[in-house]
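Data first, discussion second: the structure below is written as structure tokens.
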Amino acid sequence: MIPADDPAARYFAAMAAALAGLELFLRDDRSPLYRHDVFAGVVAEYIDKLEKSFSCWRNRLGFMDSFRISRAESGFPVFQNLLELENDRKQAPQRLANIPEADELRAEMADFILRHKQFPAALQKSMAERLYLEDVDDGVTFAPMMLAQTVRVSVNAATRRPVYSVHWATFDGTANLPLIYMATVEDSSDGLVAQLVGDDGMLNEKVPVPLPVEGLLNPELAHRFDDFTEKNSAYTLSPVTIATNLDKDFETLHPKQLRRLVLGPFYSAGITEHNSTVSEVLAKVRRADNAWLLTWTVQDVFSKAERPGKRGFFSSEKPAQEFHIETDDLEAARQGVSSYEKHALIPHEAYQALYAAGEAQGIFAGYKVHILSKDQVINDA
């Protein structure tokens, strides 16, 4: 058990409150993201996985001392923690077989206390390890790379092509940030078009599509698409670069939109060090589980037109997307996006502290601010 005043305990409490608040925001039909109901639902699923990961890491500290976060940059755990979690997941069945069952451990702990009048530290560590491995074993944590899943299928009436909504996620090992992607992609593959598009140019209802589908819906391209996402999901790549690479690498896939959610940075009083002003104000917040600030950015790039392909005797060109970059907005141009939104989620007590210190306007310039208060999220006008 971690003491409540321990920095690790305060960090985990703050992160748990932040992720729970974000999930509340995502599931609120009044939130700005709810207009993208599929995207909001997808993000909420990944937040569930992050919450499970943090629960596992907290249990892991009951028997292991090592846990590092990116204190000066993202405020999230460093990438090595995710690799260890993934490795432990693979070894969990074997390690669990060598640890007594939880009921047996509890009985031993009670007997030890009665006989020795001491706390059974070794048995407590075994219990913590068992709880940790049981949590890890179910495989629903946030992995270093989570491959694509198709969650929606429709037909573009103008092109008579199937349209997929597909998402994937990764934890960037350099920036130590969770990244969530969703792409809208048209598919001009002959075989699949014939199956999915009816004579009326609509989705063929006679062909069952049991959504969600693991991977890209087109089975002939699914493995290549997974390879592509593993190589093209780094934080250093701009959304327009990723979309352009996707357009070039697949002859029959035509990306119409790519959305990326960059979760973080996360600020926690007395833990993170990436903004001295925020840290100083948050340190004055009375309750430690309210002394945090979570930010995220939603980036979008979309195709404004499709340049027709060319076919000739000696060479041919596939249709190519012309992606819109908002050059009138210097920040949008720098990010390589058509548009972007910066969001901040903060507990009411912490927001009051920043406001009272006269720092709120400067810190939140350019952000859509969401204030967590009594199990509801208030959008600050």
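Brief remarks on what is shown
- Residue 99 at pLDDT 90 or above and surrounded by 17 or more Cβ atoms within 10 Å (Cβ to Cβ): no
- Pairs are defined by a Cβ separation below 9 Å, a sequence spacing of at least 6 or placement on different chains, a first member in the stretch 71-92 that is in contact (Cβ under 8 Å) with a residue 40 or more places away in the chain, and a second member that is surrounded by fewer than 19 Cβ atoms within 10 Å (Cβ to Cβ) and of a type in the set (A, V, I, L, M); the pairs so defined are 82/143; 85/143; 86/143; 89/143.
- Test: residue in the stretch 261-272 that is polar (S, T, N, Q), free of Cβ contacts under 8 Å to residues at least 40 places away in the same chain and in contact with a Leu (Cβ under 9 Å, 6 or more places away or on another chain): no
- Test: residue in the stretch 204-220 that is among the hydrophobic types (A, V, I, L, M, F, W, C) and under 15 Å from residue 252 (Cα atoms): yes
- The residues of the stretch 121-148 that are of a type outside the set (D, E, K, R), without any contact (Cβ under 8 Å) to a residue 40 or more places away in the chain and either crowded, with 18+ Cβ neighbours inside 10 Å or in the same structural domain as residue 233 (by TED's automatic domain parsing) (or both) amount to a single one, 123.
- Taking the stretch 138-167 as the range and being in a strand (DSSP E or B) and among the aliphatic types (A, V, I, L, M) as the test, the residues that pass are 145, 146, 147, 148, 151, 153, 155, 163, 166.
- Among the numbered conditions (1) surrounded by fewer than 14 Cβ atoms within 10 Å (Cβ to Cβ); (2) out of contact with any Gly (no Cβ under 9 Å at 6 or more places or on another chain), the only one that residue 220 does not meet is (2).
- Residue 132 passes every criterion in (1) aromatic (Phe, Trp, Tyr); (2) modelled with pLDDT of 90 or more; (3) assigned to a loop (DSSP other than H, G, I, E, B) apart from (3).
- Any hit, the stretch 219-230, residues being part of a loop (DSSP other than H, G, I, E, B) and either touching a residue at least 60 places away in the same chain (Cβ under 8 Å) or not assigned by TED's automatic domain parsing to the domain that holds residue 340 (or both): no
- Filter result (over 26 Å from residue 235 (Cβ atoms) and surrounded by 16 or more Cβ atoms within 10 Å (Cβ to Cβ)) within the stretch 59-94: 59, 61, 62, 63, 92
To keep it simple, each residue is scored yes or no on (1) in contact with a Cys (Cβ under 7 Å, 6 or more places away or on another chain); (2) of a type in the set (S, T, N, Q); (3) closer than 19 Å to residue 258 by Cα; (4) assigned by TED's automatic domain parsing to the domain that holds residue 186.
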residue: 274; (1), (2), (3), (4): no, no, no, yes
residue: 279; (1), (2), (3), (4): no, yes, no, yes
residue: 287; (1), (2), (3), (4): no, no, no, yes
residue: 295; (1), (2), (3), (4): no, yes, no, yes
residue: 321; (1), (2), (3), (4): no, yes, yes, yes
residue: 325; (1), (2), (3), (4): no, no, yes, yes
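- Residue satisfying all of: in the stretch 168-217; in a loop (DSSP other than H, G, I, E, B) and touching a Lys or Arg at 6+ places or on another chain (Cβ under 6 Å); surrounded by the most Cβ atoms within 10 Å (Cβ to Cβ) among these: 188
The values are calculated or read from the model by the stated rules, or taken from the named source; none is laboratory data. Keep in mind it's a predicted model, so treat the numbers as computed, not measured. All Cβ positions, glycine included, derive from the backbone under ideal geometry; neighbour counts span all protein chains shown.
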